[in-house]
Amino acid sequence: MTATTDDFPPFSGDRPRCTSCGHKGAYTNWHPGWPTANIGEYLQRHCARCGFFWGERLVPADAPEPAARPTFRRRLARLFRATEATR
């Protein structure tokens, strides 16, 4: 029996937990897959602490958009307002 992308665990979010050491945080790289082994594209996760790596399925197309992070300009303006308030 050969593995397919469907056999990979589902996408675990932006801060995945390593199944080997439990560390929360991993590097993520997109991988084009292995056509000769009938494995499509997938995400390759690499633990920042122990070096363990594993594959995950791509983000589902119907997944909700992540919440927008404040832009640099907004963060700078907020910091400036906080600094002015302390004067």
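Read the figures in this text as sums done on the coordinates, not as results from a lab. Because the structure is predicted, anything quoted here is derived from the model rather than measured. Cβ placement follows ideal geometry from the backbone for every residue including glycine, while neighbour counts extend to all protein chains displayed.
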Electrostatic dipole magnitude of the chain [Cβ: Lys, Arg +1; Asp, Glu -1; Cα centre; debye, to 20]: 920 debye
Max mean-square fluctuation residue, GNM over the chain, Cα-Cα springs under 10 Å, options 58, 43, 76: 76
Calculated from DSSP H runs of 4 or more alone, at -39500 (n - 2.57) each and per residue, what is the 222 nm mean residue ellipticity of the chain, nearest 500? -5000 deg cm²/dmol
Extension gain, residue 73 back to residue 37 (0.36 nm per residue minus Cα-Cα distance, nm): 8.3 nm
So, over other residues within a Cβ distance under 12 Å of residue 25, counting Lys, Arg +1 and Asp, Glu -1, the net charge is +4
Just round it to a whole percent: the fraction of Cα-Cα distances in the range 1-60 exceeding 18 Å. 32 percent
Qualifying trypsin sites (Lys or Arg not before Pro) in the range 5-61, DSSP loop, other Cβ atoms within 10 Å at most 14: 49
Report the Cys residues of the chain lacking a disulfide-compatible partner, meaning no second Cys Cβ under 4.7 Å from their Cβ. none
Once amide H atoms are placed 1.01 Å from N in the peptide plane, what residues at a sequence separation of 5 or more from residue 23, or on another chain, have their amide H within under 5 Å of its amide H? 18
Report relative contact order for the chain in percent, whole number only (criteria: Cα-Cα under 8 Å, sequence separation at least 6). 25 percent
